[in-house]
Each structure stands twice: as structure tokens, then as C-alpha cells.
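Enquirer: A single structure is presented below for examination.
The values are calculated or read from the model by the stated rules, or taken from the named source; none is laboratory data. All values derive from a computational prediction rather than experimental measurement. Using ideal geometry, Cβ is built from the backbone for each residue, glycine included, and neighbour counts are taken over all protein chains shown.
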Amino acid sequence: KFPYADLVKTNRARGRGDFEYELINTGAFDQDRYFDVFVEYAKATPDALFIQIKIHNRGPEPARLVVLPTLWFR
């Protein structure tokens, strides 16, 4: 479960002089069960865009991950 409510509540209670309460502070990574996602873009020509996506499971056992790459064009 993503700790969004905890992030909002804790950061709302902090003052300007306090450090921001980050995702790492919530304990979400305590068991080292997460994925690293690296995305690289390259443009060979004005009409050719290349994307390389590398995903690493940092957890101790195999886990399923569904990835849906999305491109935005202007």
C-alpha cells in the first residue's frame, strides 16, 4: 500500500525549518521489496525516438510487474 496519507499528514504538521518527510522515511523500503526503473531516451533524427526501459527487482524473490510505457507528444 502506498503511504500517501502518511506523507501528506506528516508533511502538513512540519514547519518551514523542518526537513521534508520523504517516501524513504515511511518504512516503505524497509524490507527491500521494490523495483528500480531506468528509462533512457535517444533521438536519432527528428522523426526517430528510441526508448530503453530497464527494470530491476530489488526484492528477495521473483515478483510480477506490469509496465505500460506512455509517450506524450506536443
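Enquirer: Could you list, in sequence order, all residues of the range 15-74 that are at pLDDT 90 or above, among the aromatic types (Phe, Trp, Tyr) and within 24 Å of Ala5 (Cα to Cα)?
Expert: If the condition is that a residue be at pLDDT 90 or above, among the aromatic types (Phe, Trp, Tyr) and within 24 Å of Ala5 (Cα to Cα), then Phe19, Tyr21, Tyr34, Phe35 are the ones that fit.
Enquirer: Shifting gears a bit: Please state which one of Asp32, Asp18, Asp47 is at positive phi and either hydroxyl-bearing (Ser, Thr, Tyr) or surrounded by fewer than 11 Cβ atoms within 10 Å (Cβ to Cβ) (or both).
Expert: Within the list Asp32, Asp18, Asp47, the selection yields Asp32.
Let's see how each residue does on (1) surrounded by 10 or more Cβ atoms within 10 Å (Cβ to Cβ); (2) touching a residue at least 12 places away in the same chain (Cβ under 8 Å); (3) of a type in the set (A, V, I, L, M):
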position: Lys9; (1), (2), (3): yes, no, no
position: Ala28; (1), (2), (3): yes, yes, yes
position: Asn57; (1), (2), (3): yes, yes, no
position: Pro60; (1), (2), (3): no, yes, no
